[in-house]
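Reading through the structure tokens given below for one structure.
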Amino acid sequence: MQVGIDQIGFYTPNKYVDMVDLAHARNEDVDKYLIGIGQSQMSVADQTQDAVSMGINATQYLPQIDREQVGLLIFGTESGVDQSKSASLFVKSALNLAPEVRTFEVKEACFGMTAGVMIARDYVRLHPYHSAIVIGSDLARYGIGTSGEVTQGAGSVSLLIKANPRILTLNDGHSAFSQDVNDFWRPNNSATALVDGKYSTQVYLDFFQRTFTDYQKLKKLQTSDFTALIYHLPFTKMGLKANRLAIADQDEATSELLATNFTTAACYGRVVGNIYTASLYLSLLSLLENSILPADALIGLFSYGSGAMGEFFSGKTVANYEKMLNPSGTKKLLQRRQKLAIPEYERIFTTALSDPIDGTTLISDEEAGYWYFAGTKNRIRQYRQK
């Protein structure tokens, strides 16, 4: 029995900042952002969008969810809204899933969604008549004027994992590596993350080389066996460095194929920005919606979460997978965003770092149908549909 990704949902807030504008405002060379970092735009969440509301929005538009079949709901995030209650319970309520659904939240920096995918894969293998929803949803925030500002972003990806999937089968086996390092962290009393950027890049690349090499040995694969290698992308240049390591010393055909498919996989991340747990899966969506891959194309996936945890695994495309995708819908979602002037972005960003005064009702400027955070009542978070 094959288990894997049957459907993919995506959401990003309705505002963005252009990196050219940000570079000018920060007195930086534009090419430092566009080429050196590899980002063109970044989505910005206002006070009405948090990890929960974005997760609901990414999931509600999955094309065909059989709610009676869902047995597991996992929410991977490092932007949790409560120190105790799982973000997944808010989603479960909004989607009217059955009370019998097992649900919880997973955290390990940007690795949380992959942990959820692996749990879901094994769950479906044991319960082949059930499906599982795995959500990754995050707001990457480093602060105005910080070195990490250009690598911020906001968004969510939702996956339906089931037997006999129609997009990507997940292969057996993986290569994992973990180590207690301090390349990135966010203390409980901080709304923004702390990062040692250069060190984090070094750790990321080291973990990629370790897991990719080990996986090839485990599965007896060569780099040339892969149609595409995709990555967690805190920013595009970081993944590009890893991909260059992967294709070093390869023949011209292999190098060109993997370089081309990396560029395709990075398209969405380049304009959305860093979405932490969901970044790898946004790369997958970008690859699948912007290229034509044959059936059984081998795709390698590198997942990384600072602190740090790395894992490499793979999947194969299912024939006619494109029928389960909606590239025009993704294009519309991105094009609906309003470009923010830098002073407006700074105001929205600063306001969103804290919740409104209890009892205050927030009103969203999103399009009809989307969910949003409406404030707290008696310190209980309220979510509503526009």
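The figures follow:
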| item | result |
| --- | --- |
| Matching entry among A109, A120 (being under 22 Å from the mean Cα position of the chain (by Cα), within 27 Å of T192 (Cβ to Cβ), modelled with pLDDT of 95 or more and not charged (D, E, K, R)) | A109 |
| Among (1) touching a strand residue (DSSP E or B) at 6+ places or on another chain (Cβ under 7 Å); (2) closer than 30 Å to R337 by Cα; (3) among the hydrophobic types (A, V, I, L, M, F, W, C), the one test that I144 misses | (1) |
| Among the residues listed as L73, L62, the single one being among the aliphatic types (A, V, I, L, M), assigned to a loop (DSSP other than H, G, I, E, B), farther than 16 Å from I275 by Cβ and within 17 Å of the chain's Cα centre (by Cα) | L62 |
| Scope the stretch 29-50; condition surrounded by fewer than 24 Cβ atoms within 10 Å (Cβ to Cβ) and of a type in the set (A, V, I, L, M); matching residues | V30, L34, I35, I37 |
| Candidates D206, D214 - the one that is among the acidic types (D, E), free of Cβ contacts under 8 Å to residues at least 24 places away in the same chain and either part of a loop (DSSP other than H, G, I, E, B) or out of contact with any Gly (no Cβ under 8 Å at 6 or more places or on another chain) (or both) | D206 |
| Condition broken by R102, with the remaining ones in (1) at pLDDT 95 or above; (2) buried (at least 20 other Cβ atoms within 10 Å of the Cβ) satisfied | (2) |
| Filter result (of a type in the set (A, V, I, L, M) and over 22 Å from the mean Cα position of the chain (by Cα)) within the stretch 331-346 | L340, A341, I342 |
| Members of the stretch 163-196 that are small (G, A, S), surrounded by fewer than 18 Cβ atoms within 10 Å (Cβ to Cβ) and either under 18 Å from P234 (Cα atoms) or within 21 Å of the chain's Cα centre (by Cα) (or both) | S178, A191 |
| Residue list for the stretch 347-366, restricted to those being surrounded by fewer than 16 Cβ atoms within 10 Å (Cβ to Cβ) and either under 24 Å from D21 (Cβ atoms) or under 22 Å from the mean Cα position of the chain (by Cα) (or both) | R347, T350, T351, L353, D365 |
| Residue in the stretch 173-201 that is nearest to K323 (Cα to Cα), counting only those that are assigned to a strand (DSSP E or B) and not small (G, A, S) | F177 |
| Filter pass, S303 being crowded, with 24+ Cβ neighbours inside 10 Å, on the phi < 0 side of the Ramachandran plot, polar (S, T, N, Q) and modelled with pLDDT of 95 or more | yes |
| Any chance Q335 is out of contact with any Cys (no Cβ under 9 Å at 6 or more places or on another chain), polar (S, T, N, Q) and under 29 Å from Y199 (Cα atoms) | no |
| Filtered residues of the stretch 252-272 (kept if in a helix (DSSP H, G or I) and aliphatic (A, V, I, L, M)) | A253, L257, L258, A259, A265, V271, V272 |
| Tally, over the stretch 66-83, of residues that are of a type in the set (A, V, I, L, M), surrounded by fewer than 24 Cβ atoms within 10 Å (Cβ to Cβ) and either farther than 21 Å from Y372 by Cβ or out of contact with any helix residue (DSSP H, G or I) (no Cβ under 6 Å at 6 or more places or on another chain) (or both) | 2 |
| Conditions (1) touching a helix residue (DSSP H, G or I) at 6+ places or on another chain (Cβ under 6 Å); (2) surrounded by fewer than 17 Cβ atoms within 10 Å (Cβ to Cβ); (3) part of a helix (DSSP H, G or I): number failed by R244 | (1) |
| Unique residue being modelled with pLDDT under 95 and outside any helix (DSSP H, G or I) when the list is D249, D296 | D249 |
| Identity of the residue in the stretch 219-237, under 22 Å from V203 (Cβ atoms) and aliphatic (A, V, I, L, M), that ends up farthest from the chain's Cα centre (by Cα) | L229 |
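The values are calculated or read from the model by the stated rules, or taken from the named source; none is laboratory data. A quick note: this is a predicted structure, and the numbers were derived from the prediction, not measured. Here Cβ is always computed from backbone atoms with ideal geometry, including for glycine, and neighbour counts include all displayed protein chains.
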